[in-house]
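Notes for the one structure printed next.
The values are calculated or read from the model by the stated rules, or taken from the named source; none is laboratory data. Since we're looking at a predicted model, the values are computed, not measured. Neighbour counts run over all protein chains shown; Cβ positions are idealised from the backbone, glycine included. Heads up: the accessible areas ignore ligands, DNA and RNA and are worked out on the full protein's heavy atoms, side chains in. Shrake-Rupley method; radii C 1.70, N 1.55, O 1.52, S 1.80 Å.
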Amino acid sequence: MASSFNFVIGSVKFIFAPIERCLNCKRNFDENMKVLQKLLKELNTVKEVIELRLSAEIHGGTMQTEEVKNWLDDVQRIKTEIEIIERMAKEKKFLSRVFLGKMVEEKVVELKAFLRKGKAFLGMVKSFKYIIVGGGVAAGYAAREFDRQGLKPGQLAIISKEAVAPYERPTLSKGYLNPNPKAAARLPEFHVCVGSGGDRLLPDWYKEKGIQLILGTEIVKVNLALKTLVSAAGEIFKFQTLIIATGSTVIRLTDFKVEGADAKNIFYLRELEDADKLVESIKMKKYGKAVIIGGGYIGLEVAAAMRINDFDVTMVYPDPWCMPRLFTPTMAAFYESYYENKGIKIIKGTVSVCFNANANGEVKGVKLKDGRVLEADIVVVGVGARPLTALFKGQLEEDKGGIKTDGFFKTSMPGVYAVGDVATFPIKLYNEMRRVEHVDHARKSAEHAVKAIKANETGKELEEYDYLPYFYSRTFELSWQFYGDNVGETLFFRDNNPLSPKPKFGSYWIKDGKIVGAFLEGGTPEENKAIAKVSRLNPPVENLDQLKKEGLSFASKF
């Protein structure tokens, strides 16, 4: 009886064994197809990154171009074969899945091998939760805010073309050019965040916080869809969240093909390296002649510094008065007279058209459009700057020359933020989009963007950026501040005699019967706070004569 039972069981096993093998094959097939599809997705990502790097032609000798192209061809072949397998599998024929099982297993092995080879081409891809591209003022303030908000070691990287940790850039046209070596500003003295009264963030601070400073590294290719950055050396950086803090680059006379503009000792002032070269030239050309091209921030500040360094200084600019974007003719007349009393010559209404050089290739003269030729041992050019947005062209929405953001500095691409000079953002106070090039905005926008990133992660509420435009400058014994908007009618008050030992004067801007902006030269901290407050509150003005009579005291009432 037992033998009969065993015979029956054996017969059943014999009959159902092929079916069981088929069921196992089906299960293996389904599991392997899931693995295959996952590997294929990963392979596609690696392929796209390799194509990105290949198209940029920045292999730096680390990638064998022909070998990489062969790899890409093979990847396409494998993808085609997998598509055929998937198409056959969709026919849902039971036996086809059984017979395809072995083929799928082989493709899984092959895919894994191709992935290893692809990753070898790339080298080590560095991945971070947060990346800040650009290492200027904004980067330093953003790093500090990340630390305040809570940051795990290894989450944040700052990628900077410059070779030093973030520093307060305005120092380059002020204290850095001080002729007294003991009084001259030098790193690490002006690393961020001393410009706003905070502690200096020295390179060791970033190490202690687990923030990676990737210095001397230029990003030359960006694919925001792939969340990938490629450096000039061929390094690959992956991010989850990106802050664009690339700032601006100076406008060069060589951009306009001005004859001789590439001569030696023609300087631009944007980075520490520029300032070092200028300081070295000041030492070499002591008591020489300096020509300053431009009458804006850089022009006025560097002209003052060169005069303090005992140079014979001439300023040249095409506008009818200095700082025309902010100063009124009355205000500008004071500063021009003050500078002339300091021994600085000013030539307005013309531009440089040619630079003459000596046998060593050093500049020796500046030819102006009106025909005059000025002797020059040093030329410093300050004719403006352009936001560095070229890497992101076609990938982000732009507005007014910058990258368009909302009130939290989010761009049109999820997970990508833009701050500082490159951001065109809404100013709530005036209900319009603007781009602001100033250190104050660089600091504050960077901090607000980080708060927005963290608020988005935690689901917390955050108010939109509510910025009051602010500009300032310090030259010689002068110091001015401006808040608000310089539109509408202007009303000047106080003494603007350039020979006064301590001149103090100001101006209000009035639009639609309300004060919208205020300027003050020589103000105390309390007085500067007062003009800031009145510029934000926009109080109505009932009597202009009374306002002129009250002057600064009007702002002090609020």
What are the residue pairs meeting all of these: first residue in the stretch 389-406, first residue at positive phi, second residue open to solvent by less than 80 Å² (accessible area, probe 1.4 Å) and of a type outside the set (Phe, Trp, Tyr), Cβ atoms under 9 Å, and 6 or more apart or on different chains?
-> LYS400/THR424; LYS400/MET433; LYS400/ARG434; LYS400/ARG435; GLY401/PRO387; GLY401/THR389; GLY401/THR424; GLY401/ARG435
Applying the selection to the stretch 394-415, what residues are under 21 Å from ASN223 (Cα atoms) and either acidic (Asp, Glu) or touching a helix residue (DSSP H, G or I) at 6+ places or on another chain (Cβ under 6 Å) (or both)?
-> GLU397, GLU398, ASP399, GLY402, ILE403, PHE409
In this structure, is ARG443 in contact with an Asp or Glu (Cβ under 9 Å, 6 or more places away or on another chain) and basic (Lys, Arg)?
-> no
Of all residues in the stretch 419-436, which are out of contact with any strand residue (DSSP E or B) (no Cβ under 6 Å at 6 or more places or on another chain), of a type outside the set (A, V, I, L, M) and over 18 Å from LEU201 (Cβ atoms)?
-> PHE425, LYS428, TYR430, ASN431, GLU432
Condition check for GLU457: free of Cβ contacts under 8 Å to residues at least 24 places away in the same chain, open to solvent by 50 Å² or more (accessible area, probe 1.4 Å), under 27 Å from ASN431 (Cβ atoms) and acidic (Asp, Glu) = no
Residues in the stretch 388-405 that are part of a strand (DSSP E or B) and either modelled with pLDDT under 95 or charged (D, E, K, R) (or both): how many?
-> 3
Number of the exception - LYS286 against (1) open to solvent by 50 Å² or more (accessible area, probe 1.4 Å); (2) at pLDDT below 95; (3) not assigned by the TED database to the domain that holds GLY361 = (3)
For TYR465, are the conditions met, namely being in contact with a helix residue (DSSP H, G or I) (Cβ under 6 Å, 6 or more places away or on another chain) and in a loop (DSSP other than H, G, I, E, B)?
-> yes
Checked the stretch 480-525 for anything hydrophobic (A, V, I, L, M, F, W, C), crowded, with 17+ Cβ neighbours inside 10 Å and out of contact with any Asp or Glu (no Cβ under 9 Å at 6 or more places or on another chain); matches are PHE482, LEU491, ILE515, ALA518, PHE519
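Listed here are the residues, each with its yes/no results for (1) open to solvent by less than 20 Å² (accessible area, probe 1.4 Å); (2) within 30 Å of ILE293 (Cβ to Cβ).
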residue	(1), (2)
LYS221	no, no
LEU224	yes, no
THR228	yes, no
ALA233	no, no
ALA245	yes, yes
THR249	no, yes
ASP255	no, yes
Restricting attention to the stretch 430-446, and to residues there that are outside any loop (DSSP other than H, G, I, E, B) and not aliphatic (A, V, I, L, M), which single residue is most open to solvent (accessible area, probe 1.4 Å)?
-> LYS444
Just to be sure, is MET306 out of contact with any Phe, Trp or Tyr (no Cβ under 9 Å at 6 or more places or on another chain) and either surrounded by fewer than 20 Cβ atoms within 10 Å (Cβ to Cβ) or not assigned by the TED database to the domain that holds SER160 (or both)?
-> yes
Output the number of the condition that CYS25 fails; it satisfies all remaining conditions of (1) over 18 Å from VAL125 (Cβ atoms); (2) modelled with pLDDT of 70 or more; (3) of a type in the set (A, V, I, L, M, F, W, C); (4) surrounded by 14 or more Cβ atoms within 10 Å (Cβ to Cβ).
-> (2)
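Each row is one residue, and each column tells you yes or no for (1) outside any strand (DSSP E or B); (2) open to solvent by 50 Å² or more (accessible area, probe 1.4 Å).
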residue: VAL353; (1), (2): no, yes
residue: VAL366; (1), (2): no, no
residue: VAL379; (1), (2): no, no
residue: ARG386; (1), (2): no, yes
residue: GLY407; (1), (2): yes, no
With criteria (1) open to solvent by 40 Å² or more (accessible area, probe 1.4 Å); (2) at negative phi; (3) of a type outside the set (Val, Ile, Thr), PHE334 comes up short on (1)
Of the residues in the stretch 309-326, those that are surrounded by fewer than 23 Cβ atoms within 10 Å (Cβ to Cβ) and closer than 26 Å to TRP509 by Cβ come to PRO318, ASP319, PRO320, TRP321, MET323, PRO324, ARG325, LEU326
Give me the pairs: first residue in the stretch 243-272 and without any contact (Cβ under 8 Å) to a residue 60 or more places away in the chain, second residue open to solvent by 20 Å² or more (accessible area, probe 1.4 Å) and part of a loop (DSSP other than H, G, I, E, B), beta-carbon distance under 7 Å, and six or more apart or on different chains, which are they?
-> THR254/ASP262
Look at the stretch 154-202 and say how many of its residues are in a loop (DSSP other than H, G, I, E, B), farther than 28 Å from ARG307 by Cβ and not hydroxyl-bearing (Ser, Thr, Tyr).
-> 17
Only one residue in ALA449, ALA418, ALA423 is in contact with a helix residue (DSSP H, G or I) (Cβ under 7 Å, 6 or more places away or on another chain), open to solvent by less than 10 Å² (accessible area, probe 1.4 Å) and farther than 28 Å from GLY294 by Cα, so which one is that?
-> ALA449
Given the conditions (1) over 23 Å from LEU278 (Cα atoms); (2) crowded, with 17+ Cβ neighbours inside 10 Å; (3) modelled with pLDDT under 95, and given that GLY195 satisfies all but one, which numbered condition is not satisfied?
-> (1)
